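Asker: The structure's right below; bear with me while I get my questions together.
The values are calculated or read from the model by the stated rules, or taken from the named source; none is laboratory data. Small disclaimer: the values here were computed from a predicted structure and weren't measured. In this analysis, Cβ positions are derived from the backbone assuming ideal geometry, glycine residues included, and neighbour counts consider all displayed protein chains.
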C-alpha cells in the first residue's frame, strides 16, 4: 500500500482551515477581553455564546472520534452488536437530564466552573481532591480520541499513526491556548458540519459495495458472523443497565458540559441548547451504526483486505477506517478520514480546555494564589494546557482499545464525582466529612471491583462474577452500586457529623475541617435570648 497523496493533501487543507478558524476566534476573544476579565472570556466565553454556536460546540464535544469509532466497533463485534450500543441513547439522556435538573442551579449563582459548587459546599481542600477524577477523565478522553485518529490515518493514508497524533495534539493545543472557549466553540462549528456531511457521504458507498450482504438480512440472520443486531442474555441485563446508567448520569458531571451551559447568554437558551444537543448527538450516531452493520455483513475475502477478518486479526477497534478504505472509493475514504479528524479535534480541544480551566481557576487562584492577577491565572491556564495536552498525547501512544479507554475515562467521574455534585447542588446541608467518606469509600469499592483494561483483577466478586477467556467479568451493576453507596455515605456521614458536633457529643476541637466551629462560636438567637435574660438577672 502506497502513501495516499490526495488524502494527505485533503487532511492538510482541513487542518489549515481549522487552525485559521481557531486563530480568528482567538482574535475575537482578544477584542472581548477589553470589557471583561480575560479568565471569564477564556473559560465561559464572556457568557454571550449564541444558540447556534452553543448547539454545535456542545454536540461536537460529545460526538468525538471515540464515539463514532467505538459505536461502529461495538455494532461489528460478534459478541456485542447494536443491542450493546449505549452511547447515542446515553448521551441523549445526559443532555435531557442536565437540562431538567442541573442547568438552573448552576447558572443561578453565576458559577465559572463545575468545581465552584463543590468548593463552596465541601471546602477548598476537598475540592482539590475532587478535581482528580475529572482531571483523569479529561486526559483519558483526550488520549482515546487521539488514538482513534492515529488508527484511522494508519489505515487510510498509510502514514504512521503517531504523526497524526502529534500534529493533531499540537494544532489543538495552539488554537485552544490562544483563544480559549471562543476558539473551541467556533472551530467546533466547522468540524461538526464537516463531520456530518463527510460521514453521510460514505454510508451509501459502503452499503452498496458488492462484497457486502444486505444489512437488513444480516441483522437477524447469521451469514459471515453472528447477526449484527445483537442480543442481551438474561445474565447480562445487570451489566447492560449499568453501562447505560453510567453513560446517562456520568456524562453530566463533566466541566465540558457545564462550560457550555455557563457560557450561554440566558438560562432558557442553555436549556434549549441542551435538549437539541441531545437529539443531534443521538442522530449523529446513525452513520457509525450503519458502517458497523456493513462491516459485519461483509465477506472480507472479496476485498483486498482478505482473510482472516478484522475480528480475527484483533483489528475490530479500526473497523470504521477499514470499511472506508476497503469498501469505499479513495476520494470517499478521504472524506471519511476528514470526518474522523474533525470529530477528534472537536472533542480534544474541549477536554483540554476543561481540565486547564478547573486547574487555573479552582486550584491555582482559589487555593494556591488567592491574590493572583487575571493575567497570571491566564498564563497558568495556558501552561497547564501544554502540560496536560502532552500527557494525553503520550497516553494515546499506549492505547490498545478505543472503546475500553473511552469507557474508562468516565468511570471515576460517575462513581465519585456525580454523587458529590448532586449533594452540592441539591443537598447543601451535606458537609466536608460526608464528602470525604463518600469519596474514599467509593474509590475503594471501585478499585476492589477490578479493571480489565488496566489488568487489575477484582478482589471483590459481586454476585454473578464470571470468567470469560481468562478475564473476570462483573455482571452485577457495580458502577451504579458504587455511585449509590458513595451518595448515601455522603448524606449519612454528613448528618451524623452534624448531629455529634452540634449536640456537643464530640468536642469541637475534633472538628479538624472547621465545618461547625464557626457556627458554634456564634450563639444562636435562642442562646442570645438566654444570655440576655441572665444579664438582666
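Asker: If I go through the stretch 100-124 residue by residue, how many of them are part of a helix (DSSP H, G or I), more than 21 Å from residue 277 (Cβ to Cβ) and in contact with a helix residue (DSSP H, G or I) (Cβ under 6 Å, 6 or more places away or on another chain)?
Answerer: The total comes to 7.
Asker: Scan the stretch 484-518 for residues that are more than 22 Å from residue 123 (Cβ to Cβ) and in a helix (DSSP H, G or I) and jot them down.
Answerer: 484, 485
Asker: Tally the residues that are surrounded by fewer than 18 Cβ atoms within 10 Å (Cβ to Cβ) and modelled with pLDDT under 75, restricting the search to the stretch 160-178.
Answerer: Of the residues in that region, 0 qualify.
Asker: In addition: Count, please, the residues in the stretch 47-79 that happen to be more than 19 Å from the chain's Cα centre (by Cα) and either under 20 Å from residue 168 (Cα atoms) or crowded, with 24+ Cβ neighbours inside 10 Å (or both).
Answerer: Residues meeting the conditions: 3.
Asker: Return a yes/no flag: does the stretch 196-215 have any residue that is closer than 28 Å to residue 137 by Cα, in the same structural domain as residue 95 (by TED's automatic domain parsing) and part of a helix (DSSP H, G or I).
Answerer: Yes, the stretch 196-215 contains at least one residue that is closer than 28 Å to residue 137 by Cα, in the same structural domain as residue 95 (by TED's automatic domain parsing) and part of a helix (DSSP H, G or I).
Asker: Continuing with this model, one more query. Taking the residues in the stretch 351-405 that are assigned to a loop (DSSP other than H, G, I, E, B) and more than 17 Å from residue 112 (Cβ to Cβ) as candidates, determine which candidate is modelled with the lowest pLDDT.
Answerer: Here is the first cut: in the stretch 351-405, the ones assigned to a loop (DSSP other than H, G, I, E, B) are 369-373, 397-401.
Still in the running and more than 17 Å from residue 112 (Cβ to Cβ): 371, 397-401.
Numbers: 371: 88, 397: 78, 398: 72, 399: 59, 400: 57, 401: 52.
Here the answer is 401.
Asker: When the stretch 413-435 is examined, which residues are found to be in a helix (DSSP H, G or I) and surrounded by fewer than 21 Cβ atoms within 10 Å (Cβ to Cβ)? Explain how you work it out, then say what you get.
Answerer: Within the stretch 413-435, the subset in a helix (DSSP H, G or I) is 413-426, 432-435.
Result: 422, 425, 426.
Asker: Here's another thing I want to ask about it. Scan the stretch 228-263 for residues that are crowded, with 19+ Cβ neighbours inside 10 Å, in a loop (DSSP other than H, G, I, E, B) and either in contact with a strand residue (DSSP E or B) (Cβ under 8 Å, 6 or more places away or on another chain) or modelled with pLDDT of 90 or more (or both) and jot them down.
Answerer: Hits for the stretch 228-263 are 228, 230, 252, 253, 254.
Asker: Being part of a loop (DSSP other than H, G, I, E, B), out of contact with any helix residue (DSSP H, G or I) (no Cβ under 7 Å at 6 or more places or on another chain) and without any contact (Cβ under 8 Å) to a residue 12 or more places away in the chain is the filter; apply it to the stretch 264-310 and report the residue that is farthest from residue 103 (Cα to Cα).
Answerer: My answer is 308.
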